[in-house]
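Scroll down for the structure; my scribbles are underneath it.
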Amino acid sequence: MANALGRHVALIGFMGAGKSALGAAAAERLRRAFVDTDRAIEESHGPIPELFEVGEDRFRAVELEVARAALESSEPAVIALGGGAVTTPALRALLREHAVTVLVDVDVDTSWARAQGPGRPLAQDEARFRQLYEERRPLYEGSADARAEDVEDVVLAAGGVHVEVGALERLGDLLPERTVALVADAHVAGIYGPAVQVALGHRLVSTHELPQGEEAKALGPVGRLWSELRLGRDGLLAALGGGATTDAAGFAAATYLRGIDWAALPTTLVGQVDAAIGGKTALDLPEGKNLVGAFHWPVRTVIDPGALETLPERERRAGLSEVVKTGLLAGERLWELPVPELVRRCAAFKTGVCLRDPRELGERAILNLGHTFAHALEAGSGHAVAHGDAVALGLLAALRLSGLDEEVRTVEEILRPSPVPADRDRAWAALGRDKKQRRGKTRLVLLDAPGRPRPGVELPDDDVRRELDRLIAG
Ligand SMILES: NC(=O)c1ccc[n+]([C@@H]2O[C@H](COP(=O)([O-])OP(=O)(O)OC[C@H]3O[C@@H](n4cnc5c(N)ncnc54)[C@H](O)[C@@H]3O)[C@@H](O)[C@H]2O)c1
């Protein structure tokens, strides 16, 4: 199953893979309850070695009962299963029905070094242990929706997000076995279209182009796309391009036949760390950006950081502003990481926030850090300023108001923002309209410290206007 919105996340894997530690960390990250079935068994039925003394069948029956209770519970949790749980066919069926199943992989030597000892009845004899490892491998592979080595991988798997250099060429393996219509940005289609078409093979039934960039997010192009599509309700729309393409094609998927599944294949840094994650889709109206849209989480988001190699510098800068924003929110210097890891970590951060608040009713507002000022600058400049530059300036203002001098210097160093020409009164009026205002005071996302965002901060207008004015040249 593709994502864990409203479903459990179940961790499977051999003894000593680290499922319990990883499960506890993932549960904390997703703010869900954590169930460790081995521990639950010991609490309800006594020590596992004693159950094994009665017979492995007895243990497996108890394990199924405990796992069933956890998997059938309606409150989505993170569940770590014992190493042999997947040998029980009924338990595998429960996993398919109720969970995103994540394989925590471990090599056999590490596993043996960690697992041997009196508490694990099946880790007493090394030859038997190695044999079991080989026997169970195909069961793990067959049951897993994704693999994980760390907590970021688990969160990504929970969101149906896969990050891998070269992933576009492996789409055949990474997308569900469905009939696919490929919708691509006209420019990106020329670069990555052929490889994606080859990877999808016979599943691809049609290809469609949207205008390059923001022009795609309008009723005209999306209307044409609706008319061209020939997918049934069981089809899959795959959107290849930047945030504009995934916003527009995602919206087409949300509305075509009252909603079909879609996959996001983001090719810009903005798309890979932000726009393609979390299920917000939108079109622009003449009255403003993103005024029509839907929450429609993609069944898969396949991120290939290799696609960033052809990205123009201006677009890379736009993405870097979002990366710095994410690092500040996470409290980690993510912008210093090599690109594929930076993308993976930023994507995991956004996936975590959006899984905790899929409908943007609360915490998800933190992702607006710096954006209230950015939108004001864009409006005040008649949209002459690039979004990435506006976000860089917006971060500066938010950090100054947060009193975080060191982080102000970081933003200056990494993003090198410089004040932009804009109409001060129009920018101020736009900031007031930016839906975050209440009782005459402007509500902003600030940081108490890196990693500790505070949404909904109310500040006197004079302070906010002073910081906005500092971002405007002349
Ligand atoms: N839904 C969300 O949660 C969300 C979040 C952030 C931004 N957005 C939206 O995303 C849009 C901006 O997205 P964007 O910054 O990705 O820009 P974009 O989609 O407009 O693409 C920018 C340009 O890069 C080109 N391009 C894309 N990938 C390329 C590649 N690999 N190599 C060469 N060229 C490539 C495109 O042809 C286009 O000209 C905005 O409309 C914004 O509203 C949505």
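Residues in region 223-252 that are of a type in the set (A, V, I, L, M), crowded, with 21+ Cβ neighbours inside 10 Å and farther than 23 Å from Glu169 by Cβ: Leu225, Ala244, Ala248, Ala252. Only one of the numbered conditions (1) more than 14 Å from the ligand (Cβ to nearest atom); (2) buried (at least 18 other Cβ atoms within 10 Å of the Cβ); (3) more than 15 Å from the chain's Cα centre (by Cα); (4) among the hydrophobic types (A, V, I, L, M, F, W, C) is not met by Leu337, and that is (2).
Quick grid of which residues meet (1) within 25 Å of Leu219 (Cα to Cα); (2) more than 7 Å from the ligand (Cβ to nearest atom); (3) buried (at least 16 other Cβ atoms within 10 Å of the Cβ):
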| position | (1), (2), (3) |
| --- | --- |
| Gly293 | yes, yes, yes |
| His296 | yes, yes, yes |
| Val299 | yes, yes, yes |
| Leu311 | no, no, yes |
| Val323 | no, yes, yes |
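Just to verify a result, which residue in region 157-180, among those that are outside any loop (DSSP other than H, G, I, E, B) and within 16 Å of the ligand (Cβ to nearest atom), is farthest from Pro338 (Cα to Cα)? Of everything passing the filter in region 157-180, Leu171 is farthest from Pro338 (Cα to Cα).
The criterion of at least 1 residues that are in contact with a strand residue (DSSP E or B) (Cβ under 6 Å, 6 or more places away or on another chain) and polar (S, T, N, Q) is met by the following strands (runs of 3 or more DSSP E) wholly inside region 13-109: 99-104. Among the residues of region 233-291, the one identified as more than 7 Å from the ligand (Cβ to nearest atom), assigned to a helix (DSSP H, G or I) and of a type in the set (D, E, K, R) is Arg258.
The single residue among Ala376, Ala422 that is crowded, with 23+ Cβ neighbours inside 10 Å and outside any helix (DSSP H, G or I) turns out to be Ala422.
Can you confirm whether region 171-183 contains a residue that is out of contact with any strand residue (DSSP E or B) (no Cβ under 8 Å at 6 or more places or on another chain), closer than 30 Å to Gly250 by Cβ and in contact (Cβ under 8 Å) with a residue 60 or more places away in the chain? There is no residue in region 171-183 that is out of contact with any strand residue (DSSP E or B) (no Cβ under 8 Å at 6 or more places or on another chain), closer than 30 Å to Gly250 by Cβ and in contact (Cβ under 8 Å) with a residue 60 or more places away in the chain. Pairing residues of region 338-355 that are closer than 17 Å to Glu28 by Cβ with residues that are assigned to a helix (DSSP H, G or I) and hydroxyl-bearing (Ser, Thr, Tyr), at Cβ distances under 7 Å and at least 6 apart in sequence or on separate chains, gives Phe349/Thr326. Of all residues in region 181-197, one or more are surrounded by 19 or more Cβ atoms within 10 Å (Cβ to Cβ), near the ligand (Cβ under 9 Å from one of its atoms) and either closer than 23 Å to Ala294 by Cα or modelled with pLDDT under 95 (or both).
The values are calculated or read from the model by the stated rules, or taken from the named source; none is laboratory data. On a predicted model such as this, the values are computed, not experimentally measured, just so you know. Please note: Cβ atoms are built from the backbone with ideal geometry, for glycine as well, and neighbour counts cover all protein chains shown.
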